[in-house]
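First up is the structure itself, then whatever we jot down about it.
Please treat every number below as a calculation from the coordinates, not as lab data. What you see is a predicted model, and the numbers here were worked out from it, not measured in a lab. Quick reminder, even Gly has a Cβ in these numbers, built from the backbone with ideal geometry, and neighbours come from all protein chains shown.
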Amino acid sequence: MPIPYKKIHGFTLLELMVAMSIFAIVSLLTIGGLNNILNTQEHTEKNMQRLIRFQMAFTIISREIQQAILRPIRDEYGTVSDSINSETSDDIKGLEFTHQGRFNLGDTVSLQRVAYYQEDKKLIKKVWQVLDRVEDTKPVKQIILDDLEEVNFYFYSINRSETSSNEGFVGDIIWQDSLNKDNDSQLRAIKISFKSKDYEELYRVFEIVQ
C-alpha cells in the first residue's frame, strides 16, 4: 500500500533573511539601550565621586575654621600677620588663618597655620607646623581639589557696635572679596565657592565665632 504523501512546510530563504534582519535590528537596539544605561551609570558614579570630594574639602575647611584661634604670627621676614587673612603669605588671594591642631603629649594643643588658595585649576592647602617662621621654614603643600574653574573666598563683617546675635544674618548679606581690616569691624562669616565644568557653583558659609 503506498504511503500517503505529506507536504512538508519550511522556511524560504527570503523568510529566513527577514527573520535574521529583524533579530539583528532588535539586538542592535538592545545593545544600544544597554550601552546608554552603562554610560549613564558611569557618568552618575563619576559625578557622585566628584561631589563626595567637594564635600570632603568643605568638611576639612569647616573643621579647621571651627578651631580658628586669635593668634597672629610672624612670617619669614618678621612681619606680623593677623590671625585671619584674605591673602596668603605669598600675597595670593585666598584664606590664611591660625587654628588649633592635634593634641600633643601632656594634653597640650598644637597650633597650625594653614592657607587655602587657587593655583592653576587646583585648590591648594599649605600647612606650617610652626607659627612664627624663619627664612628656611617650609610649608607642606597639598592638592585638595583639581579641575576647578574658579575658587572664590568672600567675607562678611559687621561693626562691633552692632548686635552679635544671629540677627546679623537676616536679610541680604553683602559679601566682600577681601577682609576688612578696620578695628571696629568683626568678621562674622566666610563663604567659599567652587566652580567646575560639572557644577556651576558649590559653596558653603562658615560662621566665625569670636
- [ ] Return the pairs, sorted by first residue and then second, in which the second residue is surrounded by fewer than 23 Cβ atoms within 10 Å (Cβ to Cβ) and basic (K, R), the first residue lies in the range 85-97 and is touching a residue at least 40 places away in the same chain (Cβ under 8 Å), the beta carbons are less than 8 Å apart, and the residues are 6+ apart or on different chains.
- [x] S86/K93; E87/K93
Open item on the list: Looking at the range 47-61, I want the residues that are under 14 Å from S196 (Cβ atoms) and touching a residue at least 60 places away in the same chain (Cβ under 8 Å) and have a partner that is surrounded by fewer than 11 Cβ atoms within 10 Å (Cβ to Cβ) and aromatic (F, W, Y) with Cβ atoms under 9 Å, at least 6 apart or on another chain. Which pairs are those?
Closed with: none
TODO: Select from the range 73-103 the residues that are over 16 Å from S62 (Cα atoms), in contact with a strand residue (DSSP E or B) (Cβ under 7 Å, 6 or more places away or on another chain) and among the β-branched types (V, I, T) and list them in ascending order.
DONE: I73, V80, T88, I92
